[in-house]
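The structure appears below as C-alpha cells.
The values are calculated or read from the model by the stated rules, or taken from the named source; none is laboratory data. Every value quoted in this text rests on a predicted model; they were computed, and no experiment measured them. Neighbour counts are summed over all protein chains in view; Cβ atoms, including those assigned to glycine, are modelled from backbone coordinates with ideal geometry.
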Amino acid sequence: MRKIQIAKPYIDHKDKKEVMDVLNSGWLSMGKKYLEFEKNMAMYAGVTYSSAVSSGTAGLHLAVKALGIKDNDEVITTPFSFVASSNCIMYERAKPVFVDIEEETFNIDPKKIEKAITKKTKAILVVHIFGQSAEMAEILEIARKHNLVIIEDACESLGARYKGKMTGTFGSVGVYAFYPNKQMTTGEGGIIVTNSKKIKLICDSLKNQGRNINNDWLLHERMGFNYRMDEMSAALGVSQLDKLDWMIRQKQRIAKWYTEELSAVDGIIPPRIGKYRTHTWFVYVIRVLNGKRDIVMNKLSKKGIQTKPYLPVIHLQTFMKDMFGYKKGMFPIAENIASQTLALPFYIGITREDVKYIVEEIKKAL
Ligand SMILES: Cc1ncc(COP(=O)(O)O)c(C=O)c1O
C-alpha cells in the first residue's frame, strides 16, 4: 500500500556537509556556528539580539522567566495551541488564563482579552498558530492600555508577517522553534529574539547554568539551566536559514494546491488567511464539518495517508482540568474548532498528484 506521511524535514547535501564539518572539527558546543546562527537569525527577524536554545519550549520558559513572571501572576493566552505555550507559564508557578479564539485564523480573539484582565495579569502570551499571525494591532493596543508585556510564541510562524513585520518581533520577546516538522529545522532547537539587551543577557545566562556574561565556567550568578543549543544543530540552522525563504515558498505552493483542490468539497473548510498577513504554513489544517473528522482520519489511515487531529484544546488536558478546574464549554469556539481540525500530509517533496490523491480519498471518506 502507498504510504504518505504527515511531515518530513527537507535536508540537502549542504546541510549534511555543514554538520559533518562541525563533527570533524571536534568543537561540538558553543563554537563559531552557535554565534553565527544567532547573528543570522537576529538579522532575518529584524531584531537586535537572539539567543539560541535547545528547544522552543526552553526558549519560552526563559522568555517568561526573563520578564520576571512569577508565583500567582496571571498570563493571558490561547487554549488552542500546543501545550508548551501554557506549560512555560506554569514552570514559573504563574497561571495561564485562557481567552477564546477567532474562527478565521484560530488565534486568540482580541475582542475577548480585556474581560480576562485582572489585577494579577502581567502579560499576554500570544501564539501565532499554524503559521499565521494573531491580530497584533489590537493586541498591542490592549497591552499598552493595561501596561502588560507581550511574549510571542512564534514557534509555528517563522517568517510569517503581519502588516509587513515578522511575527516574534512585536512584543518584548519572541521565540521560534526548529523541531523537524517546522518551517526549518535544527533537529531539536529554538531561538529567542528580542530588542532588549537586558533580556538577551538574562537568557544567555539562564540557558548556560546561570553563568555570568564572561562565561566564567564555575561562577554562577543565578540558578540556571542547561538549555544551550549544540554546535551541530547550530550549523544545520545556519544552512537551513540560507534556504528558508525558498522552503517557505515551496510550502506556500503546496498549500495553494490543497486549497484549490478542496475549495469545492462540501463539508470541508480549507484554512483561511487573515487580513494583513502572510502565511508560512507550519502545517496545512482543514476543518471537517458535521462530526466527520475522526471518520475521515480513520479512513485515510487505512489508505496509508497519515493525518493528525491538530490541535486538542489545552484547558481540557487532564492535568489542566485537575490543576485549575477548567471545564468543557468554557471556550466554545476553540473546543468546536478542535473537534473539527485535521492536519494533512504536508512537506517539501509532496507532489500535486499526491495532493489530488489525498483530496480524492477525503471525498470518498466523506
Ligand atoms: C505553538 C508551539 N509552541 C511551542 C512549541 C515547542 O517547541 P519545541 O517542540 O521545540 O519545544 C511548539 C512545538 O511544536 C509549538 O507548536
Would you point out the residue of segment 161-191, among those that are aliphatic (A, V, I, L, M) and either part of a strand (DSSP E or B) or closer than 12 Å to ILE151 by Cβ (or both), that is nearest to the ligand (Cβ to nearest atom)? ALA177
Given (1) part of a loop (DSSP other than H, G, I, E, B); (2) more than 30 Å from ALA116 (Cα to Cα); (3) at pLDDT 95 or above, LEU316 misses just (2)
Looking at ASP266, ASP294, can you tell me which residue is part of a loop (DSSP other than H, G, I, E, B) and either touching a Pro at 6+ places or on another chain (Cβ under 6 Å) or over 16 Å from GLU156 (Cα atoms) (or both)? ASP266
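Could you tell me whether any residue of segment 166-182 is among the basic types (Lys, Arg), crowded, with 19+ Cβ neighbours inside 10 Å and at pLDDT 95 or above?
The initial filter retains those residues of segment 166-182 that are among the basic types (Lys, Arg), namely 182.
Next, from what is left, pick out any that are crowded, with 19+ Cβ neighbours inside 10 Å: 182.
In the following step, the residues that additionally are at pLDDT 95 or above were identified as 182.
Checked against the condition, which is being among the basic types (Lys, Arg), crowded, with 19+ Cβ neighbours inside 10 Å and at pLDDT 95 or above, segment 166-182 yields at least one hit.
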Pairs please, first residue from segment 320-337 and modelled with pLDDT of 95 or more, second anywhere and surrounded by 11 or more Cβ atoms within 10 Å (Cβ to Cβ) and of a type in the set (Ser, Thr, Tyr), Cβ atoms under 6 Å, 6+ apart in sequence or on different chains. MET320/TYR326
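For segment 138-152, how many residues are touching a Lys or Arg at 6+ places or on another chain (Cβ under 9 Å) and in a loop (DSSP other than H, G, I, E, B)?
Our first condition is that a residue be touching a Lys or Arg at 6+ places or on another chain (Cβ under 9 Å); within segment 138-152, this holds for 138, 148-149.
Pick out the ones that are also in a loop (DSSP other than H, G, I, E, B) and you get 148.
Counting residues in segment 138-152 that are touching a Lys or Arg at 6+ places or on another chain (Cβ under 9 Å) and in a loop (DSSP other than H, G, I, E, B) gives 1.
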Go over the candidates ALA94, ALA116 one by one and state the one that is touching a strand residue (DSSP E or B) at 6+ places or on another chain (Cβ under 7 Å), within 22 Å of LYS327 (Cβ to Cβ) and surrounded by fewer than 19 Cβ atoms within 10 Å (Cβ to Cβ). ALA116
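Restricting to helices (runs of 4 or more DSSP H) lying wholly in segment 30-137: which have 2 or more residues that are within 14 Å of VAL175 (Cβ to Cβ) and within 16 Å of the ligand (Cβ to nearest atom)?
On the way: elements: 32-45, 56-66, 84-90.
Qualifying helices (runs of 4 or more DSSP H): 56-66, 84-90.
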